[in-house]
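Read the structure below first, then the notes.
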Amino acid sequence: MKKLYQSTRLLMLLILLIIMSNKTFAEDVIDITIIDVAPVLLEELDQIRGLGGVVDVTSNANLGAELTNNGVNNSVTGYNIIDQGSFNDASGVFSIIQNTGNNVIIQDSTIITITITPE
């Protein structure tokens, strides 16, 4: 928290120097006072931050499907092949679904929960 407070003061000083060095704005500036403020206490932030007071986060993916009245004759199924270069340019979160059968339902759901806690 102390580093955040110092960084904020440094940023304010930098902005002040930029304004003062610019002749266009320097003429409009009459009096600039830097107010020394105390950092916000963690207890106060706990009351106002996102998810403040939330103990448990539950995510549900309710998937349902029905497959009826299907038929297949003389069907040939394929091969599922994942070789060494299959994921060369992949990044982020992705899903892989493979199927070699006939008359199937494939459903996919991804839930990502991120919890950020102060150090």
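Laid out as a table, the results:
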| item | result |
| --- | --- |
| Pairs with Cβ under 8 Å, 6+ apart, first in segment 94-119 and at pLDDT below 80, second surrounded by 10 or more Cβ atoms within 10 Å (Cβ to Cβ) and of a type in the set (A, V, I, L, M, F, W, C) | Pro118/Leu42 |
| Qualifying residue in segment 48-61 (condition: modelled with pLDDT under 80 and surrounded by 10 or more Cβ atoms within 10 Å (Cβ to Cβ)) | yes |
| Top-ranked residue of segment 79-116 - restricted to ones that are over 15 Å from the mean Cα position of the chain (by Cα) and over 29 Å from Leu67 (Cβ atoms), ranked as surrounded by the most Cβ atoms within 10 Å (Cβ to Cβ) | Phe87 |
| Positions within segment 76-85 being at pLDDT 85 or above and either within 30 Å of Val57 (Cα to Cα) or of a type in the set (S, T, N, Q) (or both), in sequence order | Gln84 |
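The values are calculated or read from the model by the stated rules, or taken from the named source; none is laboratory data. Nothing here was measured: the structure is a model prediction, and the numbers come from that model. Cβ coordinates were reconstructed from backbone atoms using ideal geometry, including for glycine residues, and neighbour counts include every protein chain displayed.
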